[in-house]
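One structure is given here, and the rest of the page talks about it.
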Amino acid sequence: MGPALWYFSRATGLVSLGLFTIVMVLGALGAGRFERRGWSRLTLAALHRSLALTSVVFIAIHIVSAVADSYVSLHWIDVVLPFVSSYQPFWVGIGAMAVDLLIAIVVTSLLRTRISFRAWKAVHWLAYLCWPVALVHGIGMAQADSNRGWILTYEVLCVLAVLIAAGARVMTSHPDTEARKLSPLQR
């Protein structure tokens with residue numbers, strides 16, 4: 001198949017980063033109770049959930065195409081066990097760490113109605129670790145790309161979007177108002 005599968009894998013990785021960035025932004029804005037006319041909290045939560053699922057699909061395609069590609073030697077164990085890959089062990093290992101964090105987030109989100117809100121929330125906070133770990137994986141893997149300039153610009157824009165949303169969340173969230181927003185069952 002030549003380099004087509006390699007480029008496809010790289011492209012789906014970049015699309016995943018963009019989608020996960022939007023998910024992070026929506027999560028930060030939703031958690032900060034961002035609401036505008038036409039954008040209720042429920043709409044924001046539904047969009048957050050739908051894009052999160054879409055991004056998981058893209059990351060799955062990214063992983064499958066990377067493992068299936070014969071350009072480099074990646075194995076399924078490399079996807080979940082950090083730093084054991086024979087190809088770029090550090091950068092692939094960082095990606096494996098992001099996958100492990102993502103699996104924990106997805107599993108607890110699927111079990112959200114069966115576990116306590118506090119347990120779900122504690123694990124869901126891993127998204128704030130998963131996203132930068134995935135970003136670092138992408139930065140490291142793209143070091144050898146000849147088109148590095150536009151990829152770096154894309155990554156910087158992703159970082160700015162998340163920083164702005166996180167800043168907006170911090171500016172609109174106060175400890176005393178957050179406690180009042182939780183129902184007594186969630187406290």
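The values are calculated or read from the model by the stated rules, or taken from the named source; none is laboratory data. Predicted, not measured: the structure shown is a model, and the values here were computed from it. Cβ placement follows ideal geometry from the backbone for every residue including glycine, while neighbour counts extend to all protein chains displayed. For the accessible areas, the whole protein counts, side chains as well, though only heavy atoms, and no ligand, DNA or RNA atoms are used. Shrake-Rupley method; radii C 1.70, N 1.55, O 1.52, S 1.80 Å.
So how many residues does segment 67-84 have that are of a type in the set (Gly, Ala, Ser) and closer than 13 Å to PRO3 by Cβ?
Qualifying residue count for the region: 1.
In segment 27-141, which helices (runs of 4 or more DSSP H) lie fully inside it and hold 1 or more residues that are modelled with pLDDT of 95 or more?
On the way: elements: 41-68, 76-80, 89-110, 117-124, 127-141.
Fully inside segment 27-141 and qualifying: 41-68, 76-80, 89-110, 127-141.
Can you find even one residue in segment 169-185 that is touching a helix residue (DSSP H, G or I) at 6+ places or on another chain (Cβ under 6 Å) and either part of a helix (DSSP H, G or I) or modelled with pLDDT of 95 or more (or both)?
yes
Looking at segment 116-145, which of its residues are among the hydroxyl-bearing types (Ser, Thr, Tyr) and over 14 Å from the mean Cα position of the chain (by Cα)? So that I can check it myself, show each step before the final result.
From segment 116-145, those among the hydroxyl-bearing types (Ser, Thr, Tyr) are 116, 128; that's our starting set.
Listed by number, the list holds a single entry, SER116.
Give me the pairs, please: first residue somewhere in segment 157-173 and surrounded by fewer than 15 Cβ atoms within 10 Å (Cβ to Cβ), second residue anywhere and of a type in the set (Phe, Trp, Tyr) and not in a helix (DSSP H, G or I), beta-carbon distance under 9 Å, and either six or more positions apart or on two chains.
Close Cβ pairs (under 9 Å, with a partner that is of a type in the set (Phe, Trp, Tyr) and not in a helix (DSSP H, G or I)) amount to THR172/PHE34.
How many residues does segment 50-74 hold that are touching a residue at least 40 places away in the same chain (Cβ under 8 Å) and either within 16 Å of VAL23 (Cβ to Cβ) or crowded, with 18+ Cβ neighbours inside 10 Å (or both)?
Residues that pass the stated criteria total 8.
Taking segment 75-100 on its own, how many of its residues are open to solvent by 30 Å² or more (accessible area, probe 1.4 Å) and of a type outside the set (D, E, K, R)?
First pass over segment 75-100, keeping only residues open to solvent by 30 Å² or more (accessible area, probe 1.4 Å): 75-77, 80-84, 86-91, 97, 100.
Within this subset, residues satisfying the condition of being of a type outside the set (D, E, K, R) are 75-77, 80-84, 86-91, 97.
Residues in segment 75-100 being open to solvent by 30 Å² or more (accessible area, probe 1.4 Å) and of a type outside the set (D, E, K, R): 15 in total.
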